[in-house]
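A.B. asks: Handing you this structure, nothing more for now.
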Amino acid sequence: MTETPTGGRPSGRVFIACSLDGHIADRDGAIGWLEPYANAGEDHGYERFMDSVDGLVIGRKTYETALGFPQWPYAKPVFVMSRTLSRDDVPEALRDGVEMYAGSPAELLAALAEQGMEALYVDGGQLIQSFLDEGLIDELIVTRVPILLGGGPLLFGSMDSATELEHVETKSFASGLVQSRYAVRRIAG
């Protein structure tokens, strides 16, 4: 795995796609518009990214979306941040790999650091925003999809503070996707 950032907490990493107008889901909260690109036969770096993390921290909406997939998409441990769901909301078949957590992002990362986790995939629009606000995201990989949804949840909505990013690289794919990687440098108050 990778080196943990200063402070001994696991590295928070984001790998997410959004429409050209910045939406991560359509007006109904659906992500079906991503399917043609997921099935295009192109490697957009997801497998390599997943190999670089020890587990996932996802929000409730992302968890509920993943439950609707034909099969559970994660082979690594998943920590669902939710104040409304409990262990009882996890299907029996997933209980070995999914845990619910109602505390703060910083508390969760401290607990996961004690378990030896060094890098975590953070997913879910509101969750990403809260992790950014708390200075817990170290890397953002954002893939822009050539579609204008015209509505739906935004990747970056209103946040408590400005976040300075350093552009690391941008790649384009034959499918029309454009992927940029950023290092988070500092949080401005």
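The values are calculated or read from the model by the stated rules, or taken from the named source; none is laboratory data. Predicted model only: the values in this text are computed from it and were never measured. Here the Cβ positions follow ideal geometry from the backbone for every residue, glycine too, while neighbour counts run over all protein chains shown.
A.B. asks: Does the stretch 160-168 contain any residue that is loosely packed, with under 15 Cβ neighbours inside 10 Å, modelled with pLDDT of 95 or more and not aliphatic (A, V, I, L, M)?
C.D. replies: yes
A.B. asks: Out of 132, 127, 140, 108, report the one residue that is out of contact with any helix residue (DSSP H, G or I) (no Cβ under 9 Å at 6 or more places or on another chain), of a type in the set (A, V, I, L, M), surrounded by 13 or more Cβ atoms within 10 Å (Cβ to Cβ) and within 20 Å of residue 23 (Cβ to Cβ).
C.D. replies: Residue meeting the stated conditions: 132.
Yes/no matrix, rows are residues, columns are (1) touching a Ser or Thr at 6+ places or on another chain (Cβ under 9 Å); (2) more than 14 Å from residue 59 (Cβ to Cβ); (3) not β-branched (Val, Ile, Thr):
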residue	(1), (2), (3)
82	no, no, yes
91	no, yes, yes
96	no, yes, yes
102	yes, no, yes
107	no, yes, yes
130	yes, no, yes
140	yes, yes, yes
147	yes, yes, no
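A.B. asks: Go through (1) within 17 Å of residue 131 (Cα to Cα); (2) among the small types (Gly, Ala, Ser); (3) part of a loop (DSSP other than H, G, I, E, B) for residue 41 and report which single condition fails.
C.D. replies: (1)
A.B. asks: Would you say residue 114 is surrounded by 13 or more Cβ atoms within 10 Å (Cβ to Cβ) and among the acidic types (Asp, Glu)?
C.D. replies: no
A.B. asks: Tell me the residue from 9, 13 that is modelled with pLDDT under 95, basic (Lys, Arg) and either surrounded by 15 or more Cβ atoms within 10 Å (Cβ to Cβ) or touching a Ser or Thr at 6+ places or on another chain (Cβ under 7 Å) (or both), please.
C.D. replies: Just a single option satisfies the conditions, and that option is 9.
A.B. asks: If you don't mind, another one. Among the residues that make up the stretch 21-38, is at least one of them touching a residue at least 12 places away in the same chain (Cβ under 8 Å), of a type in the set (A, V, I, L, M, F, W, C), in a strand (DSSP E or B) and surrounded by 12 or more Cβ atoms within 10 Å (Cβ to Cβ)?
C.D. replies: no
A.B. asks: Also: Which one of these is outside any helix (DSSP H, G or I) and among the basic types (Lys, Arg): 76, 61?
C.D. replies: Exactly one of 76, 61 is outside any helix (DSSP H, G or I) and among the basic types (Lys, Arg), namely 76.
A.B. asks: Turning to a different aspect of this structure: Quick check on the stretch 41-59: of everything there that is hydrophobic (A, V, I, L, M, F, W, C) and surrounded by 20 or more Cβ atoms within 10 Å (Cβ to Cβ), which residue is farthest from residue 11 (Cα to Cα)?
C.D. replies: The residue in question is 58.
A.B. asks: Still on this model: Counting only residues that are surrounded by 10 or more Cβ atoms within 10 Å (Cβ to Cβ) and either in contact (Cβ under 8 Å) with a residue 60 or more places away in the chain or outside any helix (DSSP H, G or I) (or both), how many does the stretch 87-96 have?
C.D. replies: 2
A.B. asks: Those residues that are more than 13 Å from the chain's Cα centre (by Cα), within 22 Å of residue 116 (Cα to Cα) and of a type outside the set (A, V, I, L, M, F, W, C), I need them from the stretch 55-99; list them, please.
C.D. replies: Of everything in the stretch 55-99, those that are more than 13 Å from the chain's Cα centre (by Cα), within 22 Å of residue 116 (Cα to Cα) and of a type outside the set (A, V, I, L, M, F, W, C) turn out to be 76, 77, 95, 96, 97, 99.
A.B. asks: Does residue 125 satisfy the condition of being touching a residue at least 24 places away in the same chain (Cβ under 8 Å) and touching a strand residue (DSSP E or B) at 6+ places or on another chain (Cβ under 9 Å)?
C.D. replies: Answer is yes for this residue.
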